[in-house]
1. Show the residues, 5+ positions off or on another chain, whose built amide H is closer than 5 Å to the amide H of V66.
2. Place a label point 7 angstrom from the Cα of Y248 along the Cα-to-Cβ direction, then list the residues of the stretch 212-234 whose backbone nitrogen is under 15 Å away.
3. List the residues whose amide H sits under 5 Å from the amide H of I276, counting only those 5 or more places along or on another chain, with H placed 1.01 Å from N in the peptide plane.
4. Among 101-110, 137-146, how do they line up by average Cβ neighbours within 10 Å per residue, starting with the highest?
5. What shape does the chain take by its C-alpha gyration tensor, where a ≥ b ≥ c are the square roots of the eigenvalues and a/c under 1.5 counts as rounded, a/b above b/c as prolate, and the rest as oblate?
6. In straight Cα distance, which lysines are under 27 Å from K310, not counting same-chain residues fewer than 8 positions off?
7. Got a sec to turn the phi values of the stretch 76-90 into Karplus ³J(HN,Hα) couplings, 6.51 cos²θ - 1.76 cosθ + 1.60 with θ = phi - 60°, whole Hz, x for Gly and Pro?
8. Ranking request for peptides 205-212, 40-47: highest mean number of other beta-carbon atoms within 10 Å first, then the rest in descending order.
Amino acid sequence: MLSTIQKSVQQQRKSLTKLLGNRLADFAAELTPLLNDPEKLNKHLKSAFDQLPFCKYIYVLDAEGVQISATLYHNGENRVDMGRDRSQRPYMKNLLKPGNENIECELSESYISKNKKRPSLTAIQVIKDAQDKRIGFLGVDYDLRELPRAEEIYEEPRQHRQIKGDPAIREGLFLQQRAESEMDRQLDSVMTILEELMLEHGVYHCQIHYSSSRVTVWHVDDPYTYRILTMKELSDVGISLAYPKRPYFERAVVPKQKIMEIFKQFSALRFADQTIYLRSGSLNLVNGFVGLNFSCDGTHYLVHDEFLGKGLDFWFGTGDTTEIREKNIDDILESLCQSGCRDVNQIIQLLDQGEIPTELSDLAQDERETIHKELKSIMAVYENGVCSV
């Protein structure tokens, strides 16, 4: 399933294809009688920069993907590229595949250009003769920074997101234990001060770093900068005097009474277990998101009301410890695959029949289902799901 940001990128690509495609098609039609005369072709390509705004480089390929023109740019041309085979470039491979003869224009995936080291993309427009047969391709390179685009920024998805952290930290998780920090000893006071800053003094986002005893805050009057509060500042009850009095932010979606509930839930996650514990927690009043980073370096983002609806059993029963279980499953999968395809296929067959292979007898049902699915996915790489090993 595409993420929100991927959908936004996809929509932008559609808009660019529509914008560029019509102009490229018109210009490509002018090149048909020039393909057998490189000098005339190069001369005509120079006019492209007036007809095709935003383009950085332009060139023409024959029907096999070999460059037959110079590479033209705003202030000159590069003839060294003449004869260059571009047929294996990613933007050409799809066009040259059998069955794709009806594709008129292809917009490449974005890439970093070799020369300028800038985000770029390439548009390839098919050139046809009077009989509608492909006789070449018009290639145009664009700098992404110079292309027009929609002004809307994508919306962050609202569903619970879990992001794995450093594997080295997860592997050593059970060798560590929470050390009491200065903030831990004064947490009730810290929560009261932060609630006051958010309710009455314009702070709309805070990130609480429990282990290092500091808080980072963002204020509605100066949203482009952040301020760091150490325990020296947080120990001073009068810290609110340093912040102007402001009504509860009008864009806030978190009910006022929920702020302390969220902080108390943070506190519960901090102290519930000496091995798996909350290292930092964040709250944003505007988008309503809560962010959590645990001692295993796993990070979660979820909406505040969903967060408050989850008890400790979720986080320490099937929540963040899932990351540890997933690592064990990864180890089991690796071990099974090393035994060879025949053994893997036998395990898949047993699981298909509802039986429990000896190798998986110690696992829970959902873990066996996960391994069953992963093994099938791995074996799907081979033709008909089998191999000779």
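No lab work stands behind these numbers, since they all come straight from the coordinates. Note that the coordinates shown come from a computational prediction; the quantities given were computed from them, not determined experimentally. Methodologically, a virtual Cβ is constructed for each residue, glycine included, from the backbone with ideal geometry; neighbour enumeration extends over all protein chains shown.
1. So V66 has HN proximity to R86.
2. Output list for this probe position: empty.
3. Those lying under 5 Å, H to H, from I276: there are none.
4. Working: 101-110: 14.5, 137-146: 20.0.
In decreasing order of mean packing, 101-110, 137-146 become 137-146, 101-110.
5. On the way: a/c = 3.21, a/b = 1.50, b/c = 2.13.
Oblate is the answer for the chain, as a/c is 1.5 or above yet b/c matches or exceeds a/b.
6. Straight-line reach from K310, under 27 Å: K164, K256, K258, K264, K327.
7. For the stretch 76-90, the Karplus curve yields x, 8, 10, 8, 4, 6, 5, x, 6, 8, 9, 5, 9, 5, x Hz.
8. Working: 205-212: 20.4, 40-47: 16.6.
Sorting 205-212, 40-47 by mean packing, highest first, produces 205-212, 40-47.
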